[in-house]
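Some notes on the structure that comes next.
Derivation of every value follows stated rules applied to the coordinates shown; laboratory data play no part. Not measured: the values here are computed from a predicted model. So basically every Cβ, Gly included, is an ideal-geometry build from the backbone, and we count neighbours across all protein chains shown.
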């Protein structure tokens, strides 16, 4: 399953930005649990903006996805925590002094250890967009291709 995400300002004060993704997960969680899943796009969110008194936030969405076996490829492959990103995916108003990491690629477990993600460099992309592209290469685990098998034979 491929789920393209663009959360944005909305007329609802409750379900703006990451709240839209949280609500989607509450309504469609079961559909994301079946088979290979890729959830990627502009979440317009970061753990740094979590609001303590909301009943949902960025951390809640990440936790909900992880509970069903879908993880941030960037964070897992770089071995960094949410909020500790060193590569911006967005420069507000194309201003290099206003970097943020708000675009993500979440993948199912079977892609997690063998796939890669790269963030486009500002010097190559800022003239075209305030968002840097995410280049995701999905590779199934070697076990899915029979390239490496565990044997219980003696």
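Key figures
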quantity	calculated
Cα gyration tensor, region 42-115 - rounded (a/c under 1.5), prolate or oblate	oblate
Part-to-part distance (alpha-carbon centres) for region 1-72 and region 99-118, which is given in Å	14
Exposure proxy ranking, count of Cβ atoms within 10 Å, fewest first, for 58, 93, 128	93, 128, 58
Max mean-square fluctuation residue, GNM over the chain, Cα-Cα springs under 10 Å, options 73, 32, 121	121
Cα long-axis angle, helix 18-32 against the chain (0 to 90 degrees, to the nearest 10)	20
GNM top mover of 97, 31, 84 - the chain, alpha-carbon springs below 10 Å	97
GNM flexibility winner over the chain from 22, 56, 125 (Cα, springs under 10 Å)	125
0 to 90° range, to nearest 10: angle between helix 58-67 axis and the chain longest Cα axis	10
Taking 45, 12 and counting other C-beta atoms within 10 Å, the order from fewest to most	12, 45
Sequence of 136, 5, 61 once ranked by neighbouring C-beta atoms within 10 Å, starting from the fewest	136, 5, 61
